[in-house]
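Below is one structure; the comments refer to it alone.
The values are calculated or read from the model by the stated rules, or taken from the named source; none is laboratory data. Quantities reported herein were computed from a predicted structural model and do not represent experimental measurements. Glycine gets a Cβ as well: all are built from the backbone with ideal geometry, and neighbour counts include every protein chain shown. Remember, those area values only see protein heavy atoms, side chains included, never the ligands or the DNA or RNA. Shrake-Rupley method; radii C 1.70, N 1.55, O 1.52, S 1.80 Å.
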Amino acid sequence: MTRGTKVTTTFIELSAQLRRFVSRIVLPDDVEDIVQETFVKSYEADLKQDIKYTHSYMLKTAKNLALNHIAKWDNQYNDSLDSSDDYQQNLSSMQLEDEVTSKERFLLFCRATEQLSQPVRKCFILKKVYGMSQKEIAAQMNLSESTVEKHIAKGLLKAMQYMQQQEHPSESVADKDTPTRRVGK
């Protein structure tokens, strides 16, 4: 037989046995890699020297490759991707919760702005949603900058109060705004 042919023939005959043998040592995902590497190493060795007992040589090579694979530090401390399914599922559910919460807050914000008077709402939305400056809003609405500033402040206060009231109905914002009286001695 020519060089390499003996190794190839032996590998074809032994491949099922090599898979079973290696599967006792490494994880199922790594079996095929070890078996293929066994063939490559055996073939390279046969090109350099004549291997008299190819069957034994391949089994020993497979065993050593499998044990070296297990001994690697990174294989001992890396989690397989299959074990990260829980992490991926938790991450997806957290993203979904964040998205729902964000949409709920946006709807609450929209309801809050609906409660504002027309000029206050328009100034507030142009400032907070469209990012326009007070000067630009004043020019567009034919108002003074001072009036625009007051409308924006009023819109912010009323929207904040509405949102707090809706999120925490038991706490009244009016109670917080009312100064407490001190009884003097």
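Quick notes on this one:
- The stretch 1-50, residues that are farther than 25 Å from Ala71 by Cβ, among the β-branched types (Val, Ile, Thr) and touching a residue at least 24 places away in the same chain (Cβ under 8 Å): Val7, Thr8, Thr10
- Test: residue in the stretch 37-47 that is assigned to a loop (DSSP other than H, G, I, E, B), out of contact with any strand residue (DSSP E or B) (no Cβ under 7 Å at 6 or more places or on another chain), at pLDDT 80 or above and of a type in the set (A, V, I, L, M): no
- All told, Leu157 falls short of being at pLDDT 90 or above, open to solvent by less than 90 Å² (accessible area, probe 1.4 Å), of a type outside the set (D, E, K, R) and not in a helix (DSSP H, G or I).
- When residues of the stretch 126-147 are limited to those that are closer than 15 Å to Leu116 by Cβ and touching an Asp or Glu at 6+ places or on another chain (Cβ under 9 Å), the one most open to solvent (accessible area, probe 1.4 Å): Leu126
- Among the residues of the stretch 51-79, those that are of a type in the set (D, E, K, R) and at pLDDT 85 or above comprise Lys52, Lys60, Lys63.
- Of all the residues in the stretch 33-54, those that are of a type in the set (D, E, K, R) and surrounded by 12 or more Cβ atoms within 10 Å (Cβ to Cβ) number 4.
- Here the stretch 106-121 is the region considered, the condition is being touching a residue at least 24 places away in the same chain (Cβ under 8 Å) and in a helix (DSSP H, G or I), and the residue that is nearest to Tyr162 (Cα to Cα) is Ala112.
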